[in-house]
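K.L.:
Before I ask anything, let me first share the structure, which is written out below as structure tokens.
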Amino acid sequence: MQQQVTLTIDGSTIRAARGTSVLEAALGYGICIPHLCHVPGLKDTGACRLCIVENVQNGRSRVTTSCTLTVQEGMVIRTNTENIKRLRRNIAELIVAEAPNSRAVQDMAVRCGVREVRYPFRRENCIQCGRCVRYCTEMWRANALGFIGRGKDRKVDFAFGNRRDICKKCQSCVIYCPMSVTPCGGPMKPGEEKLCGKCESVELMAENAYGACVHCELGKGFQCSRHAM
Amino acid sequence: MARLEKPEDLENLRDSLREENRGFRLRIIIPNGTCCRASGSQAVIDAVKAEISKQGLEKEVFLHITGCHGFCQQEPNILFEPGNIAYCRVKPGDAKEIVEKTVGNGEVIERLLYVDPLTGERIRREGDIPFYKAQDRQLLTNNKLVDPLAIEDYIAIGGYGALAKVLEGMGPEEVIREIKASGLRGRGGAGFPTGRKWEEAREAPGDEKYVICNADEGDPGAYMDRCLLESNPHAILEGMMIGAWAAGAGMGYVYVRHEYPLAVQHTRNAVMQARALGLLGENILGSNFSFDIEIARGGGAFVCGESTALMASVEGKVGEPRPKDIHTVKEGLWNKPTVLNNVETWANVPSIILNGSDWFASKGTRGSKGTKIFALTGKIRNTGLVEVAMGTTIHDIVHNIGGASDGRAVKAIQTGGPSGGCLPASQFGLPVDFDSLYDAGSMMGSGGMVVMDEKTCMVDVAKYFLKFLQDESCGKCIPCRVGVSRMLEIVTDITEGRGTRAQIDLLKELAETIGQTALCGLGKTAPNPVLSTLRYFGDEYLAHVDEKRCPAGVCRPLIRYAIDPEKCNGCGVCVRSCPHEAISGQKKEVHAIDPEECRKCGICAAECKFDAIMVN
Ligand SMILES: Cc1cc2nc3c(=O)[nH]c(=O)nc-3n(C[C@H](O)[C@H](O)[C@H](O)COP(=O)(O)O)c2cc1C
Ligand code: FES
């Protein structure tokens, strides 16, 4: 079987190895699709939904996450249509309103074009991207962490809520957690949460370089795959 | 009974069973499903049974315990065949009289007959009761013919005949052609053409394939699947066998929630009986077809009805959906090609094979064929399970079958559960089929129908469903977990008088975002209750936001109770009934409610005989 497929992303023709995801293929060519829960080498679950793209088939475009979409011959992908930008901004707004005390989340929101947050801030300390859980189970096969419960009660915890002894203390969960980097000025006081990312350089870059990965500083805080590789 | 080695064995068994049944002069049918038991059918059965043996009638009459017939409101009921005499709301104390008069002398006891609430007339025959008369009962009609615990009953009414027909002379392709030609579409909600699904699974590469019956049924208010599985489990098993033959599967699972213990018990029993007769297992009826079924019990999460979550749950993993860029007909259970169909879809299969696709396609509309069962509940007189041909109008269902309730006007109907929406009375002319409901902003769903009247606040309804979805979302993806909880936050603000117009716009934008980006069907359809109420009842939202008023008088922070001086005659009932001592007034003088003390519990309004308590 042919090992490479050809697809079009935002008008550029791209070749990618069979079996890779659209997100990885795009990143490999320097096309930046914002992403949060994707970690290179781990199974993608499609939790954060920031990496959405339009997959155009027979003239109809379907919104789907690029990290869970495998490349196919002749695929046509659009990563930056007005619709996608709007949806992505709305999702990023939801995330930053949930957890303002993370530099990574704040940067990501600015990167996705959020300029105002229309919801009251909550002070969650986990956005359930599942990076820690997957690293723990897939990379270290420790199975120390997992998700417990469903709906609004879902949370990351040790087995049975108390089996800390299974943990191998590799600290990957901390390293890969987007919440572990606080905003520049430290954690915000309750009631004073705001959208930061007002650093001019960041804002300029996010506006102008939309769609192209410029090895920006944004992703550093949460191991964006450009920095982790 | 001996193992059936060939199709003729089945024929012979059927003939001898029919002969046996002829020995009885009367069949006393008492339904004993979950809903019947809740209204006390077991005690009635015990009383009737004791009475029959006391009077020595065991040889002449046959006490037939079946599943629910559908008119749940009038349970426990008894049906006599031949004669079709139906008694409603029977009590154990009636047993003696029933056995003496009706069983002994063929006398009809007038007081136990159904009374038509509109005309006051007593109706003798079950078939003449308006609730039944307006229906087209193809699947439910078997419920009164079979004891769910007896495979003999199912065989006697022609059961497993379709399986024999298929194994004797219909190749898998022919079965698929027949199902495709019938136009059968999935009854689980989305309405995917069943024949096409089977074909795709058949064509998918791999030797190991599966079929699954989806009996998760998590929509609030829906219980069609429970009733089918409880009352006639063999029909579903037979459907699955035929599907497995067509798709090339060797193993099947019935995924049923553990909150349905009776359905689990009956299905398990049915599987064992079918195995004993050789209808499940190796070389079924002497053919080269081998197939077995196992029961997988679910923990009762709504999201586990979603195909990928269901399969994860059957595999023993956490019931969370996964992205469906590859369909489950190609990579389903254990990554093998899998056909997943709803209980009712499977139940339709045997009769299509026996009666032909033309028979099935002769009912229904262009895009939706056959009949559909609905669980009709809410502000109507007759609640229960209703089976009608596709394309019947909502009006017919609500008014002719449901007998819309007294006085208050029906305002809306909710269809499709949390994935569906609310349609206003002005849309009641719509034929009920997959496409017209979808176009109108709702959904067929699995078949829940809740009728609402003037006293229902549509914003409150939307809030109810958002609350349900917030709890039942698996929580994996951001738009569904966070987005739905934000929608609930906004709608709660609106119902508590803090809402603004900007919030309504935000609600719409959020709904659209969730609908487009959520991972699975639960999230994608989660905004529907809000979108449909915004579309048809936008003025109610505006009344909450602009005037801080709840037109239906439901949202507590927005209502005030007051006493109408014209109507109050000072009887004092409200004064005594108020648990918060908020009402004062002398006897024979107009009373007054102290708004400071009033907790808006509504007890006074319910107690007042003169309609003098006003809500505004
Ligand atoms: C959140 C959610 C819940 C569902 N619940 C059920 C259910 O309880 N019963 C069911 O048959 N289908 C349910 N479905 C639909 C199934 O995913 C699937 O489409 C169906 O079982 C396929 O069978 P059908 O083609 O016979 O309809 C649900 C879907 C979603 C997204
Ligand atoms: S990176 Fe694709 S969904 Fe999170």
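K.L.:
I need a count of the residues in region A:150-170 that are within 14 Å of another protein chain (Cβ to nearest Cβ) and outside any helix (DSSP H, G or I).
P.N.:
Final tally of qualifying residues: 5.
K.L.:
Any idea how many residues of region B:449-476 are facing chain A (nearest Cβ under 9 Å) and either at pLDDT 95 or above or in a helix (DSSP H, G or I) (or both)?
P.N.:
4
K.L.:
Could I ask something else about it? For region B:307-318, which residues satisfy the criterion of being within 11 Å of ligand 1 (Cβ to nearest atom) and not β-branched (Val, Ile, Thr)?
P.N.:
Within region B:307-318, B:307, B:309, B:310, B:311 meet the criteria.
K.L.:
If residue B:482 meets every condition in (1) in contact with an Asp or Glu (Cβ under 6 Å, 6 or more places away or on another chain); (2) more than 9 Å from chain A (Cβ to nearest Cβ) apart from one, which number is that one?
P.N.:
That leaves (2) as the condition not met.
K.L.:
The conditions are (1) over 24 Å from residue B:226 (Cα atoms); (2) of a type outside the set (S, T, N, Q); (3) part of a helix (DSSP H, G or I), and residue B:347 fails exactly one of them. Which is it?
P.N.:
(1)
To keep it simple, each residue is scored yes or no on (1) on the phi < 0 side of the Ramachandran plot; (2) of a type in the set (Gly, Ala, Ser); (3) away from chain A (no Cβ under 14 Å).
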position: B:326; (1), (2), (3): yes, no, no
position: B:346; (1), (2), (3): yes, no, yes
position: B:349; (1), (2), (3): yes, no, yes
position: B:364; (1), (2), (3): no, yes, yes
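K.L.:
Please determine whether any residue of region B:333-342 is within 14 Å of chain A (Cβ to nearest Cβ), surrounded by fewer than 22 Cβ atoms within 10 Å (Cβ to Cβ) and not in a loop (DSSP other than H, G, I, E, B).
P.N.:
Checked against the condition, which is being within 14 Å of chain A (Cβ to nearest Cβ), surrounded by fewer than 22 Cβ atoms within 10 Å (Cβ to Cβ) and not in a loop (DSSP other than H, G, I, E, B), region B:333-342 yields at least one hit.
K.L.:
Considering only residues that are surrounded by fewer than 19 Cβ atoms within 10 Å (Cβ to Cβ) and assigned to a loop (DSSP other than H, G, I, E, B), which ones fall in region B:158-171?
P.N.:
B:158, B:170, B:171
K.L.:
Checking residue B:586 against (1) in a helix (DSSP H, G or I); (2) more than 44 Å from the chain's Cα centre (by Cα), only one condition comes out false. Which one?
P.N.:
(1)
K.L.:
Among the residues of region B:235-243, is any under 17 Å from residue B:298 (Cα atoms), touching a Cys at 6+ places or on another chain (Cβ under 8 Å) and away from ligand 1 (no atom under 11 Å from the Cβ)?
P.N.:
Checking region B:235-243: not a single residue is under 17 Å from residue B:298 (Cα atoms), touching a Cys at 6+ places or on another chain (Cβ under 8 Å) and away from ligand 1 (no atom under 11 Å from the Cβ).
K.L.:
Looking for something more than 29 Å from residue B:499 (Cα to Cα), away from ligand 1 (no atom under 16 Å from the Cβ) and either at pLDDT below 90 or not in a loop (DSSP other than H, G, I, E, B) (or both) - is there at least one such residue anywhere in region A:108-121?
P.N.:
yes
Yes or no, residue by residue, for (1) over 23 Å from residue B:325 (Cα atoms); (2) surrounded by fewer than 16 Cβ atoms within 10 Å (Cβ to Cβ); (3) within 16 Å of ligand 2 (Cβ to nearest atom):
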residue	(1), (2), (3)
A:33	no, no, yes
A:80	no, no, yes
A:91	no, no, yes
A:107	yes, no, yes
A:116	yes, yes, no
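K.L.:
Same structure, new question: Being in contact (Cβ under 8 Å) with a residue 60 or more places away in the chain and within 10 Å of chain A (Cβ to nearest Cβ) is the filter here, so list the residues in region B:501-553 that pass it.
P.N.:
B:519, B:520
K.L.:
Would you mention how many residues in region A:66-95 are touching a residue at least 40 places away in the same chain (Cβ under 8 Å) and either within 16 Å of ligand 1 (Cβ to nearest atom) or of a type outside the set (Lys, Arg) (or both)?
P.N.:
17
K.L.:
For residues that are without any contact (Cβ under 8 Å) to a residue 40 or more places away in the chain and either within 14 Å of chain B (Cβ to nearest Cβ) or within 19 Å of the chain's Cα centre (by Cα) (or both), scanning just region A:135-149, find the one that is surrounded by the most Cβ atoms within 10 Å (Cβ to Cβ).
P.N.:
A:136
K.L.:
Would you call residue B:221 outside any helix (DSSP H, G or I), under 30 Å from residue B:260 (Cα atoms) and touching a residue at least 40 places away in the same chain (Cβ under 8 Å)?
P.N.:
Yes, satisfied.
K.L.:
Hey, could you check region A:46-75 for residues that are aliphatic (A, V, I, L, M) and more than 7 Å from ligand 2 (Cβ to nearest atom) and say which is surrounded by the fewest Cβ atoms within 10 Å (Cβ to Cβ)?
P.N.:
A:56
K.L.:
Then there's this: Considering each of B:413, B:401, B:397 in turn, give the residue that is touching a Pro at 6+ places or on another chain (Cβ under 8 Å) and crowded, with 22+ Cβ neighbours inside 10 Å.
P.N.:
The conditions single out B:401.
K.L.:
While we're looking at this one, here's another question. What is the one condition in (1) within 21 Å of residue B:433 (Cα to Cα); (2) touching a Lys or Arg at 6+ places or on another chain (Cβ under 8 Å) that residue B:223 does not satisfy?
P.N.:
(2)
K.L.:
Could you tell me whether residue A:96 is surrounded by 19 or more Cβ atoms within 10 Å (Cβ to Cβ) and touching a strand residue (DSSP E or B) at 6+ places or on another chain (Cβ under 9 Å)?
P.N.:
no
K.L.:
If you don't mind, there's one more thing I want to ask. Keeping to region B:429-448, report how many residues are in a loop (DSSP other than H, G, I, E, B) and either under 20 Å from the mean Cα position of the chain (by Cα) or within 16 Å of ligand 1 (Cβ to nearest atom) (or both).
P.N.:
Result for region B:429-448: 8.
K.L.:
Give me a count of the residues in region B:272-311 that are farther than 29 Å from residue B:170 by Cα and among the aliphatic types (A, V, I, L, M).
P.N.:
6
K.L.:
Given B:419, B:357, which one is modelled with pLDDT under 95 and within 30 Å of residue B:158 (Cα to Cα)?
P.N.:
The conditions single out B:357.
K.L.:
Further, regarding this structure: Filter region B:182-233 for residues that are under 22 Å from the mean Cα position of the chain (by Cα) and of a type in the set (A, V, I, L, M); which is nearest to ligand 1 (Cβ to nearest atom)?
P.N.:
Ranking the candidates gives B:190 first.
K.L.:
Could you check region A:1-90 for strands (runs of 3 or more DSSP E) lying wholly inside it with 3 or more residues that are more than 14 Å from chain B (Cβ to nearest Cβ) and not hydroxyl-bearing (Ser, Thr, Tyr)?
P.N.:
A:4-9, A:12-17
K.L.:
Given the structure, is residue B:53 without any contact (Cβ under 8 Å) to a residue 60 or more places away in the chain, among the polar types (S, T, N, Q), over 19 Å from residue B:152 (Cα atoms) and not in a loop (DSSP other than H, G, I, E, B)?
P.N.:
yes
The values are calculated or read from the model by the stated rules, or taken from the named source; none is laboratory data. The structure presented is a predicted model; accordingly, all values stated were derived computationally and were not measured. All Cβ positions, glycine included, derive from the backbone under ideal geometry; neighbour counts span all protein chains shown.
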